[in-house]
Each structure stands twice: as C-alpha cells, then as structure tokens.
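Peer 1: Here's a structure for you.
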Amino acid sequence: MRAKLNRLCAVLAGCVVLGFAAAPVARAADVTEPVMLVANPKLGEFYRATVLVVRPVGNGQHIGFIVNRPTQMTLGKLFPDHPPSAKVSDPVYLGGPVYVDTIFALVQREASPGGKSIPLFEDLHVAVDATTVDDIIEHDAEHARFFAGMVAWRPGELAQELERGLWYVQRPDAKLLFRKSTEGLWEELVQPHRGNAI
C-alpha cells in the first residue's frame, strides 16, 4: 500500500508543480489567493454542509481540502504496522473525492516541512509526498491534521461555481481549521449568509 501511496503522491506533486509553472491569467471571478469556501445551504450531494480550504495553483486551477468531514478511520487503523501512526488519536478527514487513497498532511508551522510541500497561507503547509507525510507523523503530528483525498478544480471551474453562487468565500483561519472538533463549523460559518441562499 505504501508504494501505491508514493505513486499517487508523485502524480499529484507533478500536477501541482505544473500548475505553478503555468502563467495564470486570472479572471475577475477567479480565486487568486488562499480562501475558505463555505457551501451554500442548497448545495447538495457530496459537498453538502462542507467547509474547504482552497489555494490557486496557476492557470485558473485550484486545489483544496474539506476540513469538516472526519472519518471513523485513524492513521493507526490505516497503517497498523507503523507504530508512530498508532500514536495519532485524531481521525483522518475526508479531504475530497480525488486521490482518496492518498494521505495528505496539513501542518501548521512557520517553515516548510520539506519535500514536495505546498504553502497554503501564512504558516500552513500541505505535505503531498509520502516521505514528508511519514516524517510529520513521526515528529510533528501534534501540529498536523491528516486527510484522505483532496478537491481539484480544472481551469476556470471554481470561477464558474462562484458565479453560480455555490460557495461563500471568506478569509482562511488556521484556528478554525485546527480546532479540536469541526462539528457545527459549517453551521457557524454559513449563518451570516443565510439570506443569500440560491
């Protein structure tokens, strides 16, 4: 399984690097800096009542993670032969429908955790390669949250969703992303927008 995760991380890292290399031509509706997205109450199916942290990666493309969908799985259950994983008691979160067989680490620290990590905002980074994720599990798990999967938008796709009113946009807040329980987070963040539902 570790080899499979390594291959998926390599593919994702390549996509992200290509995204950074492309010269973005942002439209007015594009998200051009890291944000949090709060699902409109009428947005159903997979994204119902979700909160995401999102970052542009160039050329009108974006990546993100659902931050309020904990699973019943822990790292210890996923990797029973890896003793450091058993010490992480927090659940693994479902980050999105893409690369669900891959574990990503959102880590809060001033410096990059290394490897193929990507800065999200301020002192928050996402580690996308298995070696760096392993290192975070072993040495810095108390400053990290772990996700299975992510969300990815094709060029211009998020701009179209915003134009349709599917998401409310707000500044990212690491305290919200890392609070102990995300239960009620969507309800709290959507409340100011209740009169703006589609």
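Peer 1: For segment 144-181, what are the residues that are within 30 Å of K87 (Cβ to Cβ) and at pLDDT below 95? Full working, then the answer.
Peer 2: Our first condition is that a residue be within 30 Å of K87 (Cβ to Cβ); within segment 144-181, this holds for 144-151, 172-181.
The answer is P172, D173, A174, K175, L176, L177, F178, R179, K180, S181.
Peer 1: Then there's this: Name the residue, out of V98, V67, V128, V151, that is in contact with a strand residue (DSSP E or B) (Cβ under 7 Å, 6 or more places away or on another chain) and either without any contact (Cβ under 8 Å) to a residue 60 or more places away in the chain or among the hydroxyl-bearing types (S, T, Y) (or both).
Peer 2: Selected residue: V98, the only one of V98, V67, V128, V151 that is in contact with a strand residue (DSSP E or B) (Cβ under 7 Å, 6 or more places away or on another chain) and either without any contact (Cβ under 8 Å) to a residue 60 or more places away in the chain or among the hydroxyl-bearing types (S, T, Y) (or both).
Peer 1: If we keep just the residues of segment 150-198 that are under 15 Å from V51 (Cα atoms) and among the polar types (S, T, N, Q), which is surrounded by the most Cβ atoms within 10 Å (Cβ to Cβ)?
Peer 2: T182
Peer 1: Against the definition (modelled with pLDDT of 90 or more, closer than 14 Å to M150 by Cβ and surrounded by 14 or more Cβ atoms within 10 Å (Cβ to Cβ)), how does L5 come out, yes or no?
Peer 2: no
Peer 1: If you go through segment 71-111 one residue at a time, how many are farther than 30 Å from G156 by Cα and among the small types (G, A, S)?
Peer 2: Of the residues in segment 71-111, 5 are farther than 30 Å from G156 by Cα and among the small types (G, A, S).
Peer 1: Taking S117 as the residue in question, decide whether it is within 27 Å of G184 (Cα to Cα), of a type outside the set (A, V, I, L, M, F, W, C) and either in contact with a Ser or Thr (Cβ under 7 Å, 6 or more places away or on another chain) or surrounded by fewer than 14 Cβ atoms within 10 Å (Cβ to Cβ) (or both).
Peer 2: For S117, the condition - within 27 Å of G184 (Cα to Cα), of a type outside the set (A, V, I, L, M, F, W, C) and either in contact with a Ser or Thr (Cβ under 7 Å, 6 or more places away or on another chain) or surrounded by fewer than 14 Cβ atoms within 10 Å (Cβ to Cβ) (or both) - is not met.
Peer 1: May I ask you to list the residues in segment 48-64 that are out of contact with any helix residue (DSSP H, G or I) (no Cβ under 7 Å at 6 or more places or on another chain) and either free of Cβ contacts under 8 Å to residues at least 60 places away in the same chain or among the basic types (K, R) (or both)?
Peer 2: Answer for segment 48-64, where residues must be out of contact with any helix residue (DSSP H, G or I) (no Cβ under 7 Å at 6 or more places or on another chain) and either free of Cβ contacts under 8 Å to residues at least 60 places away in the same chain or among the basic types (K, R) (or both): R48, R55, P56.
Peer 1: What is the number of the single condition among (1) out of contact with any helix residue (DSSP H, G or I) (no Cβ under 7 Å at 6 or more places or on another chain); (2) farther than 21 Å from R171 by Cα that V88 does not meet?
Peer 2: Among (1) out of contact with any helix residue (DSSP H, G or I) (no Cβ under 7 Å at 6 or more places or on another chain); (2) farther than 21 Å from R171 by Cα, the lone unmet condition for V88 is (1).
The values are calculated or read from the model by the stated rules, or taken from the named source; none is laboratory data. The shown structure was predicted, so the numbers you read here are calculated from the model rather than taken from an experiment. In this analysis, Cβ positions are derived from the backbone assuming ideal geometry, glycine residues included, and neighbour counts consider all displayed protein chains.
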